[in-house]
Amino acid sequence: MTDKLWGGRFQKPAEQWVDEFGASISFDKELVQEDLQGSMAHVTMLKSQGILPEQDADSILAGLEQLKEKAAAGQLDYSAELEDIHLNLEKHLTDAIGPAGGKLHTGRSRNDQVATDMHLYLKRNVQEITGLLTLFQEAIIGKAEAHIDTLAPGYTHLQRAQPVSFAHHLMAYFWMLERDRQRFEDSLKRIDISPLGAGAMAGTTFPIDRRQTAELLGFSAVYENSIDAVSDRDFIAEFLSGASILMMHLSRFAEEIILWSSEEFGFIELDDAFSTGSSIMPQKKNPDMAELIRGKTGRVYGHLVSLLTTLKGLPLAYNKDMQEDKEGMFDTVTTLKGSIRIFEGMIRTMTVKENRLSQAVQSDYSNATELADYLAAKGLPFREAHDVTGRLVFACIQRGIYLRDLPLSELKEASPLIEEDIYEALDPYNAVARRDSEGGTGFRQVKIQIEEAKKRTAGD
């Protein structure tokens, strides 16, 4: 036999490199606090059910408490020979309290143990991520509220389209993040379920109380099927899916931050704390943090695809392949937390260059729709109004001027419906103010939107 905790059936040990290949302790030590938490609930239940003698249970609980303190202080050593966090902690416990430590695993398998750890880990971290998202949303609200009257070019196809309130543009990202936050909050329904007590896959002969351990661990429900309990990784896939959508939103926002901070746009300037310089070009101020977030999006996508690929061909119940479920989850949690914190700081501290934005909306043809709408309101069919406006825009482009530069006489040649009030309609500020439809960029509507946003984040 080998000296492994499960080695009774084996006649020779694996070579060291094989042990190292199969071990997960290098990354699943991240679950140390969750593993100890789950073990303490399990032993407490074993004691109350009379499965473990009171003296043994108390000894185990005291030993686990000591390990918890050592783990928090970074004083625990881990061995690849012991494979994973579960066996490493069990060995530490047995070394500390003697043979009674071997009773910790009564009525439990590493299969339901690791699943419990990951449910606890994701529950804690998803709650933290939703809190960080709320802070980020509040930063967007604050910046938007300061720039309701700031005009900005709105784009489609990255071409100037229509003038908008800069606050309106920013608030589009608030609502993307609101959907992200709702997705994570909803995912907690699937995360907040206890697999503990499912055993290896068929339950246990011991008279355990799964509801008690679920309550001790703060879970709202237990898995109804023991096979499903140990083989389910949907909750991780769902988290990675929500994380991928969030990172896609952050990447889109990052792309705009990068464009806006370029000299070609010049709409914003990032704080020095979120920028870097060049080793050779002294004038450079690079939006590196935004670029990093844009780049890190790919790794989160990769973790989702990796897990789905791992799971797609697995028969029930537990398979060693499922050891591959953790590293991507850990890395995604770290990536999300860092990206959200960085973005919140960038938005709170960035300088909006109002004069440059104002200049931009005065020097383009983004008010062309206003002329078409003006003519349509006078009774001209919109398609004809569109054609008249398009020909006027082309004439302006040929002469290097803008619609507001055309004298009234030329405008009336294009359409006798045009009167002196056209210049008021073509003013970008009026163009924005008049778009007062629900959810539109009109200043009144933007204020309504911001007030609703404040209600959504209040108390979170």
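Count of the range 389-425 residues, restricted to those that are of a type in the set (Lys, Arg) and in contact (Cβ under 8 Å) with a residue 12 or more places away in the chain, is 2.
The single condition among (1) surrounded by fewer than 17 Cβ atoms within 10 Å (Cβ to Cβ); (2) touching a residue at least 12 places away in the same chain (Cβ under 8 Å); (3) not hydrophobic (A, V, I, L, M, F, W, C) that Gln159 does not satisfy is (2).
Have a look at Ala198, Ala214 and point out the one that is in contact (Cβ under 8 Å) with a residue 40 or more places away in the chain and surrounded by 22 or more Cβ atoms within 10 Å (Cβ to Cβ).
Numbers: Ala214 fails: in contact (Cβ under 8 Å) with a residue 40 or more places away in the chain.
Every option except Ala198 fails the conditions.
Of the listed requirements (1) in a loop (DSSP other than H, G, I, E, B); (2) in contact with a Lys or Arg (Cβ under 7 Å, 6 or more places away or on another chain), Ile141 misses just one: (1).
Can you find a residue in the range 299-313 that is of a type in the set (S, T, N, Q) and farther than 28 Å from Arg252 by Cβ?
Among the residues of the range 299-313, at least one is of a type in the set (S, T, N, Q) and farther than 28 Å from Arg252 by Cβ, which makes the answer yes.
Yes or no, residue by residue, for (1) surrounded by 17 or more Cβ atoms within 10 Å (Cβ to Cβ); (2) among the hydrophobic types (A, V, I, L, M, F, W, C):
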site	(1), (2)
Gly277	no, no
Asp325	yes, no
Glu354	no, no
Leu375	yes, yes
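All told, Leu417 meets the bar of being touching a Lys or Arg at 6+ places or on another chain (Cβ under 7 Å), among the hydrophobic types (A, V, I, L, M, F, W, C) and surrounded by fewer than 18 Cβ atoms within 10 Å (Cβ to Cβ). Might you check whether a residue that is closer than 22 Å to Gln323 by Cα, crowded, with 23+ Cβ neighbours inside 10 Å and in contact (Cβ under 8 Å) with a residue 40 or more places away in the chain occurs anywhere in the range 49-65? No, the range 49-65 contains no residue that is closer than 22 Å to Gln323 by Cα, crowded, with 23+ Cβ neighbours inside 10 Å and in contact (Cβ under 8 Å) with a residue 40 or more places away in the chain. Against the conditions (1) touching a helix residue (DSSP H, G or I) at 6+ places or on another chain (Cβ under 9 Å); (2) surrounded by fewer than 15 Cβ atoms within 10 Å (Cβ to Cβ); (3) basic (Lys, Arg), Arg294 satisfies every one except (2). Of all residues in the range 334-388, those satisfying the criterion of being in contact (Cβ under 8 Å) with a residue 24 or more places away in the chain and of a type in the set (S, T, N, Q) are Thr335, Ser339, Thr349, Thr351, Ser358, Gln362, Ser363, Ser366, Asn367, Thr369.
With respect to Gln398, is the statement that it is assigned to a helix (DSSP H, G or I) and either of a type in the set (D, E, K, R) or closer than 30 Å to Glu138 by Cα (or both) true?
Spelling it out, it is not the case that Gln398 is assigned to a helix (DSSP H, G or I) and either of a type in the set (D, E, K, R) or closer than 30 Å to Glu138 by Cα (or both).
Checked across the range 233-256, the condition of being crowded, with 16+ Cβ neighbours inside 10 Å, in contact with a Pro (Cβ under 7 Å, 6 or more places away or on another chain) and without any contact (Cβ under 8 Å) to a residue 40 or more places away in the chain holds for no residue. Could you list, in sequence order, the residues of the range 312-350 that are more than 17 Å from the chain's Cα centre (by Cα) and among the small types (Gly, Ala, Ser)? Result: Gly313, Ala317.
We did not get these values from a lab; they are worked out from the coordinates using the rules stated. Predicted model only: the values in this text are computed from it and were never measured. With ideal geometry, Cβ positions are generated from the backbone for all residues, glycine too; neighbour counts draw on all protein chains shown.
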